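See structure below.
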Amino acid sequence: MTEATLRLTTSQAIIKYLANQFIEIDGKEMRVCGGGFGIFGHGNVTCLGEALYDTREHLPLYRGQNEQSMGFAAAAYSKQWLRQRFMFCTASAGPGTANLLTSAALAHANRLPMLMLCGDAFLTRLPDPVLQQLEHFGNPTLGVTDAFKAVTRFWDRITHPAQILQSLPAALATMLDPADCGPAFIALPQDVQGWAYDYPAAFFDKRVHRIRKQAPDHAEIVDAAALLRTAKRPMIIAGGGIQYAGAVAELTAFAQTHNIPVVETIAGRANLRQEHTLNIGPVGVTGSDSANAIAQRADVILAVGTRLQDFTTGSWTAFAKDARIIGLNVGRHDAVKHLSMPLVGDAKLGLTALSEALASYQAPEAWTQEARSERATWVAYTDEITRVGNGPNSYAQAIRAVNDLCDPRDRVVAAAGGLPAEVTAHWQTKDIGTVDVEFGFSCMGYEIAGGWGARIAQCEREPDKDTIVFTGDGSYLLMNSDIYSSVLTQRKLIVLVLDNGGFAVINKLQNNTGNTSFNNLIADTPTVRDPFAVDFAAHAAAMGANTETVSNATELGEAFLRAKAADTTSVIVMQVDPYDGWTTQGHAWWEVGTQHVTQNESVAEKHRETESARTKQRAGI
């Protein structure tokens, strides 16, 4: 019997395949690829562009302003969908593709799916050297697209149309794998994009995917339960993987059943609501005194869905040296860090199985009450530092003003500078899964672009809610063009621009290590003779946004309510003090490089102070 075939070009086949891949979420089938972001050039417009045009109703294409910001938007989209759906990004050969490197690295660090379909040099090499081609004299196969091998989970260059029969399913499987999830990159030589092949028609049949849920090994459950039963002071670290696994209810039930305090990582913020009695706060370098206090005393730590980044572990000084760690993680690499007892498997299934194995075990009530007492003290501190009028304008005051007025289902986005720490410390979670603080790569420029991608996803499920972006002046100046994108596409954002005159948090780090302010605040930049402030409101207004400049957090709250009532993007600008108003409590030690030899006594003193805390650092155990 003759196999049915379809004669298509490489680019047509790629897009047709993507359009027929589905996933079931909450009982509803939808395309696993929500569409894409694209900037066309000669390397992708003639072939891939034509294929995308023919499928524009099924795979909507958002026109980007910058390839890097397209990648940020795609990452935020997949994060909003809890890695169950993704967007593709297409860029032309050369600089367009190169601009995606940073966003690919962000997606890789955060374990987020994103598909890149990028133009490449001609496979035949007949027209070489072509426009925007890098020439490596000793290796003509090497080019810009090879740079993505370091920042992707899957990489391939299509050298024949038939190759996608293997490559596309492999890329999709990688992006949907809970352990190996990350960005996938497919290089598309300009000639190969248009080459035709007789594809098996069955390749394009509708397929409904599922995210694999791997149950933990029974022996590992037994071992973990045996260790946890010995705990006098147990603690749960709740990471972002809990939300990806859909395990928030299981986390809550586990903590309540066994009376174990919970602390959250940055990625794990909004695993528990603010008022939950076992929510002891964020842990680590940008954490809370309450979480860090019990972390220091915990004897057994159940780390769930976290990669134990240095901001969580205080560069491995946050925990007692003799504390034992159980790593419940879908990824083996994360489950065994620092000689953790591994419990490799899905968080939802793992917490349920571990709870059954623990039976009636509960943490001593005195320990849990101690944790609650620490939490009450921390909440009182945050209530005071976020109070309007408590010192000059600060991030903390702005955050609280918005927090008090937002809808429980509004989504907050932050990424770089001082805002991630302040949002992590002070944002009072009103509902589950509503916080996106990108601190895996902590990438300047993610804020507005990521907000746009998050809003696109939010509009697909909760269009009546808002996406709220906190950004500093530094990140705004680095990447702001998706304010224009949000207005063009009618994907409303509320953007808070908090202007402290430069890179104030790095200036703070500079000062805290004994150095003089230099080249961070604009006022301290030696090549700037006459510093002046940017009129951010006028700039954003030129991109079509409603804008206001306010004088204090009270006015900011009033402007925020007007922004919520508006039907288009609003940008609210407030100056904040670069020196005063920082959250001074809630920090764990963080290892940064300091000068071992210096003529500057203040730098030398800070080096000795930094090194003195190293005695608490767990050296790989």
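The values are calculated or read from the model by the stated rules, or taken from the named source; none is laboratory data. Owing to the predicted nature of the structure, the values given are computational and were not obtained by experimental measurement. Counting neighbours? That spans all protein chains shown, and the Cβs are built from the backbone with ideal geometry, glycine included. Surface areas here come from the heavy atoms of the whole protein model, side chains and all, with no ligands, DNA or RNA. Shrake-Rupley method; radii C 1.70, N 1.55, O 1.52, S 1.80 Å.
Could you tell me whether the range 214-351 comes out rounded, prolate or oblate from its Cα gyration tensor? Rule is a ≥ b ≥ c as square roots of the eigenvalues, rounded for a/c under 1.5, then prolate if a/b exceeds b/c, otherwise oblate. Walk me through the intermediate numbers first.
Values: a/c = 1.33, a/b = 1.17, b/c = 1.14.
Since a/c stays below 1.5, the shape of the range 214-351 is classed as rounded.
Any lysines with Cα under 30 Å of the Lys232 Cα? List them, leaving off those in the same chain fewer than 8 positions away.
Lys321, Lys337, Lys348, Lys616
Among Leu349, Leu134, what's the order by accessible area (1.4 angstrom probe), most exposed first? Write down the numbers at each step before the final one.
On the way: Leu349 65, Leu134 90 Å².
From most exposed to least exposed: Leu134, Leu349.
Over the alpha-carbon set of the range 117-185, work out the extent along each principal axis and list the three values in angstrom, largest first.
Projected onto the principal axes, the Cα atoms of the range 117-185 cover 41, 26, 19 Å.
Determine the dipole magnitude for the range 470-559: charges of +1 sit on the beta-carbon of Lys and Arg, -1 on that of Asp and Glu, nothing else is charged, the reference point is the Cα centre, and the result goes in debye to the nearest 20. Please list the in-between numbers first.
Details: 4 positive and 9 negative charges, 55 e Å.
I would put it at about 260 debye.
Using only the Cα atoms of the range 320-418, build the gyration tensor, take square roots of its eigenvalues as a ≥ b ≥ c, and label the shape rounded, prolate or oblate: rounded if a/c is under 1.5, else prolate if a/b is larger than b/c, else oblate. Can you show the working numbers first?
Working: a/c = 2.27, a/b = 1.79, b/c = 1.27.
It is prolate, given that a/c is not under 1.5 and a/b is the larger ratio.
Using the Cα centre as the reference, give the magnitude of the dipole from point charges on the C-beta atoms of the chain (Lys, Arg: +1; Asp, Glu: -1; all else neutral), rounded to the nearest 20 debye.
Values: 52 positive and 65 negative charges, 240 e Å.
So the dipole magnitude of the chain works out to roughly 1160 debye.
Sorted by accessible area with a 1.4 angstrom probe, largest first, how do His108, His42 fall? It would help to have the intermediate numbers written out before the result.
Working: His108 50, His42 75 Å².
So the residues, ranked largest to smallest area, are His42, His108.
With an 8 Å cut-off on Cα pairs and a minimum separation of 6 or more residues, tell me the relative contact order of the chain in percent. Intermediate results must be reported in sequence, preceding the final value.
Numbers: 1367 pairs, mean separation 81.7, N = 621.
It comes to 13 percent, rounded to a whole number.
Using a Cα-Cα cut-off of under 13 Å, which aspartates and glutamates could be cross-linked to Lys79, ignoring same-chain neighbours fewer than 8 residues away?
Once the sequence-local aspartates and glutamates are set aside, what remains near Lys79 is Asp436, Glu438.
Not counting ligands, DNA or RNA, and with a 1.4 Å probe, what is Trp195's accessible surface area in Å² rounded to the nearest 10?
90
Summing +1 for each Lys or Arg and -1 for each Asp or Glu, what net charge is found among the other residues whose Cβ lies under 11 Å from the Cβ of Gly450?
On the way: positive: Lys79, Arg411, Arg455; negative: Asp436, Glu438, Glu447, Asp482.
Taking every other residue near Gly450 into account, the sum is -1.
Quick one: dipole size for the range 515-621, taken about the Cα centre, charges +1 on Lys/Arg Cβ and -1 on Asp/Glu Cβ, in debye to the nearest 20. Mind showing how you got there, number by number?
On the way: 8 positive and 14 negative charges, 101 e Å.
The dipole magnitude comes to about 480 debye.
Might you work out the accessible area of Arg372 for me, using a 1.4 Å probe with all protein chains in place, and round it to the nearest 10 Å²?
It works out to around 60 Å².
Using the charge dipole of the range 52-114 (Lys, Arg: +1 at Cβ; Asp, Glu: -1 at Cβ; taken about the Cα centre), state which of Ala107, Met70, Thr55 has its Cα farthest towards the positive end.
Ala107
Among DSSP beta bridges lying fully in the chain, give the percent that are antiparallel, nearest 5.
On the way: 10 of 76 bridges.
Taking every DSSP beta bridge within the chain, about 15 percent pair in antiparallel fashion.
Counting Lys +1, Arg +1, Asp -1, Glu -1, what net charge surrounds Leu561 among other residues with beta carbon under 12 Å of its beta carbon?
Details: positive: Arg562, Lys564; negative: Asp404, Asp407, Asp466, Glu548, Glu555, Glu558.
Neighbour charge sum, excluding Leu561 itself: -4.
If I ignore ligands, DNA and RNA and count only protein heavy atoms, how much of Ser103 is accessible to a 1.4 Å probe, in Å² to the nearest 10?
Answer for Ser103: close to 0 Å² accessible.
Net charge near Asp464, counting Lys/Arg +1 and Asp/Glu -1 over other residues with Cβ under 13 Å of its Cβ? Walk me through the numbers before you get to the answer.
Numbers: positive: Arg409, Arg411, Arg455, Arg461, Lys465, Lys492, Lys564; negative: Asp407, Asp410, Glu460, Glu462, Asp466, Asp567.
In short, +1.
Among Ile211, Ile15, what's the order by accessible area (1.4 angstrom probe), most exposed first? Could you put the intermediate results ahead of the total?
Details: Ile211 60, Ile15 0 Å².
Heavy-atom accessible area, descending, gives Ile211, Ile15.
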